[in-house]
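Working notes, beginning with the structure itself.
The values are calculated or read from the model by the stated rules, or taken from the named source; none is laboratory data. Please read these numbers as outputs of a predicted model, since none were measured by experiment. Neighbour counts are summed over all protein chains in view; Cβ atoms, including those assigned to glycine, are modelled from backbone coordinates with ideal geometry.
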Amino acid sequence: MNFRFSIFDFRFVPTGSSGGVASLIAAGLLFGGIVGCQPASPVTVRVLADASAASTGGTVDAGPATTPEGYGNFVGTVTLNGNAPQLTPVVKAGDAGVKDREVCGVMDVPDESLVVNPANKGIANVVLFLEKKPANIKADLAATPTDPVIFDQKGCRFLPHVSIVRINQPLLILSADAVAHNTHTFPNRNNGFNQAIPANERKGVPCPYSKPEANPIEVKCDLHTWMKAYHFPVDHPYVAVTDADGKFEIKGLPAGKHVFKVWQEKVKDSSKLLERKLEITIEPDKDTTKDLSYASGAFSGG
């Protein structure tokens with residue numbers, strides 16, 4: 001009686017630089033006789049090595065992030081297409097009925113909800129920003145600044161009207177007024193801040209932000225209800241606030257296409273966004289200029 005047996009030799013040979021695919025080579029004697037057994041033809045099976053990782057909840061390495069072909073700047077001017085509004089001051093100088101009139105009623109407190117330069121119709125306090133933190137922040141902009149952002153109060157008015165702060169960057173609340181104020185923030189992701197600020201506070205009261213917000217958040221003084229401003233905590237450097245002429249500059253953007261949002265507090269939409277998807281292609285080593293203009297009808301909100 002003849003006996004038949006099988007012998008298998010398994011070897012895993014990695015292929016590819018990442019080791020993501022292996023070759024299984026099986027060689028043996030299948031049903032060979034005792035005498036003159038001949039090896040079967042080799043059989044090669046290609047197996048995805050990450051299949052087992054997927055089955056156990058592992059992740060697949062997506063590889064290194066793409067390196068941008070340089071960095072550039074985004075510059076421009078935001079203007080009003082229409083007549084500049086004539087806004088009444090929120091407090092008139094000499095108003096005998098205003099709270100703490102010896103400080104708050106000395107001069108006009110302007111309505112800063114829509115500040116337009118009559119010379120060029122540039123709109124101040126417009127915020128332009130990337131919604132998402134990019135993968136390749138320019139090296140000299142990546143670290144969180146250690147210099148504090150100063151948020152002051154003078155003449156019963158918050159200064160500046162819009163403050164940009166990187167998360168975990170110090171923000172100090174000061175006051176140059178001889179009366180007490182309070183600063184009350186209304187964040188969506190961060191802890192709220194509601195604290196009295198003593199008269200003539202020049203050292204600064206810390207107001208921490210540890211998480212980025214989707215849009216600028218409102219800041220009020222509950223003691224002087226006309227006082228209003230905005231803080232915008234972000235986790236990247238690619239954000240700008242237009243100046244008194246409506247001009248802005250965002251430096252060091254990775255070259256390529258980006259999508260910006262454009263925010264202004266008096267926009268009638270509840271999100272206060274003038275633009276949700278402003279696509280800009282940044283050219284390396286140069287300024288990419290885009291001027292923006294908006295009709296007066298876009299600013300009917302509160």
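Considering only residues that are in a loop (DSSP other than H, G, I, E, B) and either outside the structural domain of ASP108 (by TED's automatic domain parsing) or surrounded by 17 or more Cβ atoms within 10 Å (Cβ to Cβ) (or both), which ones fall in region 217-235? Working first, answer last.
Quick first cut of region 217-235, residues in a loop (DSSP other than H, G, I, E, B) only: 221-227, 235.
CYS221, LEU223, HIS224, MET227 - these are the residues of region 217-235 that are in a loop (DSSP other than H, G, I, E, B) and either outside the structural domain of ASP108 (by TED's automatic domain parsing) or surrounded by 17 or more Cβ atoms within 10 Å (Cβ to Cβ) (or both).
Can you report the number of residues in region 268-283 which are out of contact with any Ser or Thr (no Cβ under 8 Å at 6 or more places or on another chain) and at pLDDT 95 or above? Lay out the reasoning, then the answer.
Keep residues of region 268-283 that are out of contact with any Ser or Thr (no Cβ under 8 Å at 6 or more places or on another chain), which gives 269-279, 283.
Subsequent filtering for residues that are at pLDDT 95 or above retains 272-279, 283.
Adding up the residues that qualify gives 9.
Only one of (1) at pLDDT below 95; (2) under 20 Å from PRO160 (Cα atoms) is not met by GLY301, so which one is it?
All conditions pass for GLY301, except number (2).
Being in contact with an Asp or Glu (Cβ under 7 Å, 6 or more places away or on another chain) and either under 27 Å from PRO148 (Cβ atoms) or at pLDDT below 95 (or both) is the filter here, so list the residues in region 229-259 that pass it.
Scanning region 229-259 gives TYR230, PHE232, PRO233, ALA240.
For (1) under 29 Å from the mean Cα position of the chain (by Cα); (2) of a type in the set (Val, Ile, Thr); (3) assigned to a strand (DSSP E or B), each residue gets a yes or a no:
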position	(1), (2), (3)
THR79	yes, yes, yes
ALA84	no, no, no
THR88	no, yes, no
ALA93	no, no, no
VAL98	no, yes, no
GLU102	no, no, no
LEU128	yes, no, yes
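Can you confirm whether region 210-227 contains a residue that is out of contact with any Phe, Trp or Tyr (no Cβ under 8 Å at 6 or more places or on another chain) and of a type in the set (A, V, I, L, M)? Let's see the steps before the verdict.
Of the residues in region 210-227, the ones out of contact with any Phe, Trp or Tyr (no Cβ under 8 Å at 6 or more places or on another chain) are 210-212, 214, 222-226.
Adding the requirement that they be of a type in the set (A, V, I, L, M) leaves 214, 223.
Yes, because at least one residue in region 210-227 is out of contact with any Phe, Trp or Tyr (no Cβ under 8 Å at 6 or more places or on another chain) and of a type in the set (A, V, I, L, M).
Considering only residues that are touching a His at 6+ places or on another chain (Cβ under 7 Å), without any contact (Cβ under 8 Å) to a residue 60 or more places away in the chain and either assigned to a loop (DSSP other than H, G, I, E, B) or not β-branched (Val, Ile, Thr) (or both), which ones fall in region 155-192?
Answer for region 155-192, where residues must be touching a His at 6+ places or on another chain (Cβ under 7 Å), without any contact (Cβ under 8 Å) to a residue 60 or more places away in the chain and either assigned to a loop (DSSP other than H, G, I, E, B) or not β-branched (Val, Ile, Thr) (or both): SER175, HIS181.
How many of the residues making up region 278-288 are assigned to a strand (DSSP E or B), in contact (Cβ under 8 Å) with a residue 40 or more places away in the chain and closer than 15 Å to ALA255 by Cβ? Talk me through it step by step, then tell me what you get.
Narrowing region 278-288 to residues assigned to a strand (DSSP E or B): 278-282, 287-288.
From what's left, in contact (Cβ under 8 Å) with a residue 40 or more places away in the chain: 278, 280, 282, 287-288.
With closer than 15 Å to ALA255 by Cβ added as a condition, the list becomes 280, 282, 287-288.
Residues flagged as assigned to a strand (DSSP E or B), in contact (Cβ under 8 Å) with a residue 40 or more places away in the chain and closer than 15 Å to ALA255 by Cβ within region 278-288 amount to 4.
State yes or no: is SER163 surrounded by 14 or more Cβ atoms within 10 Å (Cβ to Cβ) and of a type outside the set (Phe, Trp, Tyr)? Can you show your working first?
On the way: surrounded by 14 or more Cβ atoms within 10 Å (Cβ to Cβ): yes; of a type outside the set (Phe, Trp, Tyr): yes.
Criteria met by SER163.
If the requirement is being of a type in the set (D, E, K, R) and surrounded by 15 or more Cβ atoms within 10 Å (Cβ to Cβ), which of these qualifies: ASP140, ASP177? Before you say what the answer is, go through the steps one by one.
Working: ASP140 fails: surrounded by 15 or more Cβ atoms within 10 Å (Cβ to Cβ).
Exactly one of ASP140, ASP177 is of a type in the set (D, E, K, R) and surrounded by 15 or more Cβ atoms within 10 Å (Cβ to Cβ), namely ASP177.
If you check ALA199, ALA214, which single one turns out to be within 20 Å of the chain's Cα centre (by Cα), among the aliphatic types (A, V, I, L, M) and part of a loop (DSSP other than H, G, I, E, B)? So that I can check it myself, show each step before the final result.
On the way: ALA199 fails: within 20 Å of the chain's Cα centre (by Cα).
Going through ALA199, ALA214 in turn, the sole match is ALA214.
Criterion first (touching a Leu at 6+ places or on another chain (Cβ under 6 Å) and closer than 21 Å to LYS272 by Cβ) does LYS121 satisfy it? I'd like the intermediate steps shown before the answer.
Values: touching a Leu at 6+ places or on another chain (Cβ under 6 Å): yes; closer than 21 Å to LYS272 by Cβ: yes.
Answer is yes for this residue.
Inspect region 236-244 for any residue being free of Cβ contacts under 8 Å to residues at least 40 places away in the same chain and either in a loop (DSSP other than H, G, I, E, B) or surrounded by fewer than 18 Cβ atoms within 10 Å (Cβ to Cβ) (or both) and give the result as yes or no.
Within region 236-244, the first condition is being free of Cβ contacts under 8 Å to residues at least 40 places away in the same chain, and the residues that meet it are none.
The answer is no; no qualifying residue exists.
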